[in-house]
Ligand SMILES: *Cc1c(COP(=O)(O)O)cnc(C)c1O
């Protein structure tokens with residue numbers, strides 16, 4: 001049977017490389033990929049005991065798989081969470097947390113600056129099942145308090161938020177949730193556990209799109225839910241087992257191996273992003289730059305108090321609205337036009353016509369998503385090449401404007 005090394009009090013860098021590893025009798029150094037749907041038993045008594053919950057062991061990969069279990073344990077170690085469950089996508093993680101625990105008549109409060117699909121789930125899908133919601137300005141702690149109703153069961157927020165990189169005060173919002181008996185769920189995809197661990201500030205549940213920085217190389221979709229024992233036992237376990245948003249063992253293996261270099265990659269993403277942000281701020285066609293660790297970010301002190309780095313995403317606004325932004329996207333030669341993020345390759349997107357297209361112009365204005373706004377997911381290329389590419393693109397689009 002598989003053997004586990006005792007995790008002891010390993011520090012995060014060690015956990016990232018060794019956390020959760022189970023070795024087979026072959027004593028392989030790299031984690032094994034168990035690409036199997038089922039498991040065979042020595043006798044009929046064995047599955048009987050496992051199905052009754054009286055014996056440990058795997059029965060079916062929708063329920064559990066050794067490779068998936070290794071990825072989950074490593075994620076739990078890095079987030080400082082008691083339990084983790086991996087899912088097929090980030091959205092499977094987000095929707096499962098809601099649908100596993102909420103029922104008709106319940107109420108959710110959410111920070112309105114969030115990933116578009118999360119907003120769709122909260123407003124449209126939950127709404128169809130009689131679960132109501134109030135969207136608030138997530139940066140305003142009193143707004144969370146004012147939105148609370150007797151039926152409020154969950155708070156949901158994303159920080160830094162897409163695409164404006166607004167920061168929510170994790171500790172303060174967690175205290176409001178605690179005060180009304182609601183669970184605070186934090187979408188930690190933009191920061192990753194290398195830069196931010198929301199449970200340290202009182203969050204009850206953390207969700208991830210491991211498609212982003214955890215994979216880090218733009219290859220495979222995945223998600224993770226981190227929670228406490230009671231949530232897993234009372235809500236999540238039975239929901240996941242029976243509805244089946246399971247991750248492929250192959251993706252779990254890929255994302256687990258990516259965790260080994262996550263801290264190194266995030267440090268490099270942050271270094272590059274800081275250089276790009278400073279460079280953009282010096283360009284005359286650029287109106288405004290948003291980056292959490294720049295002194296001109298309205299919440300930079302809060303960002304520094306809960307994050308270990310500003311992250312890999314830089315948002316900026318060019319002159320000329322949509323036309324100005326599109327001309328920059330048409331002129332970049334190295335940076336790709338793509339709405340994904342968290343890749344080694346630098347990617348640029350125009351939020352108003354892609355990720356935030358579904359929102360009304362008023363809703364976009366409320367979030368600060370302007371027509372001239374561009375978001376760069378800064379990759380791991382040489383930052384000098386990225387700055388040169390941006391300089392030529394801004395110069396060409398600027399020239400077009402002057403005409
Ligand atoms: C990408 C993303 C999601 C959704 O994850 P998928 O893996 O695409 O399903 C949710 N939240 C945030 C902040 C994201 O960036």
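Considering segment 30-79 alone, what residues qualify as being in contact with a strand residue (DSSP E or B) (Cβ under 8 Å, 6 or more places away or on another chain), under 30 Å from residue 200 (Cα atoms) and free of Cβ contacts under 8 Å to residues at least 60 places away in the same chain? The answer is 69, 73.
Does residue 86 fit the bill of being more than 16 Å from the ligand (Cβ to nearest atom), buried (at least 20 other Cβ atoms within 10 Å of the Cβ) and under 30 Å from residue 10 (Cβ atoms)? Against the criterion (more than 16 Å from the ligand (Cβ to nearest atom), buried (at least 20 other Cβ atoms within 10 Å of the Cβ) and under 30 Å from residue 10 (Cβ atoms)), residue 86 does not qualify.
For segment 113-140, a residue qualifies if it is under 24 Å from residue 340 (Cα atoms) and buried (at least 19 other Cβ atoms within 10 Å of the Cβ), and the qualifying residues are 113, 114, 115, 118, 119, 121, 122, 138. Looking only at residues in segment 62-83 that are buried (at least 20 other Cβ atoms within 10 Å of the Cβ) and part of a loop (DSSP other than H, G, I, E, B), which one is nearest to the ligand (Cβ to nearest atom)? Restricting to residues being buried (at least 20 other Cβ atoms within 10 Å of the Cβ) and part of a loop (DSSP other than H, G, I, E, B), the top hit is 81. Considering segment 260-352, the qualifying helices (runs of 4 or more DSSP H), each wholly inside and each with 2 or more residues that are farther than 19 Å from residue 166 by Cα and in the same structural domain as residue 369 (by TED's automatic domain parsing), run over 262-281, 321-331. When residues in segment 365-386 are screened for being part of a helix (DSSP H, G or I), at pLDDT 95 or above and surrounded by 18 or more Cβ atoms within 10 Å (Cβ to Cβ), 2 of them pass. Inspection of segment 152-166 identifies no residue that is in contact with a strand residue (DSSP E or B) (Cβ under 6 Å, 6 or more places away or on another chain), surrounded by fewer than 20 Cβ atoms within 10 Å (Cβ to Cβ) and without any contact (Cβ under 8 Å) to a residue 60 or more places away in the chain.
For every residue, the table says whether it meets (1) out of contact with any strand residue (DSSP E or B) (no Cβ under 9 Å at 6 or more places or on another chain); (2) in contact (Cβ under 8 Å) with a residue 60 or more places away in the chain; (3) not assigned by TED's automatic domain parsing to the domain that holds residue 277.
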residue: 360; (1), (2), (3): yes, no, no
residue: 375; (1), (2), (3): no, yes, no
residue: 379; (1), (2), (3): no, yes, no
residue: 382; (1), (2), (3): yes, no, no
residue: 391; (1), (2), (3): yes, yes, no
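List, please: which pairs have Cβ atoms under 7 Å, are six or more places apart or on different chains, and start with a residue in segment 1-26 that is at pLDDT 95 or above and end with one that is assigned to a loop (DSSP other than H, G, I, E, B) and surrounded by fewer than 13 Cβ atoms within 10 Å (Cβ to Cβ)? Once the first residue is at pLDDT 95 or above and sits in segment 1-26, its partners that are assigned to a loop (DSSP other than H, G, I, E, B) and surrounded by fewer than 13 Cβ atoms within 10 Å (Cβ to Cβ) give 18/5; 21/5.
The values are calculated or read from the model by the stated rules, or taken from the named source; none is laboratory data. Computed from a predicted model, the values in this text were never measured in an experiment. All Cβ positions, glycine included, derive from the backbone under ideal geometry; neighbour counts span all protein chains shown.
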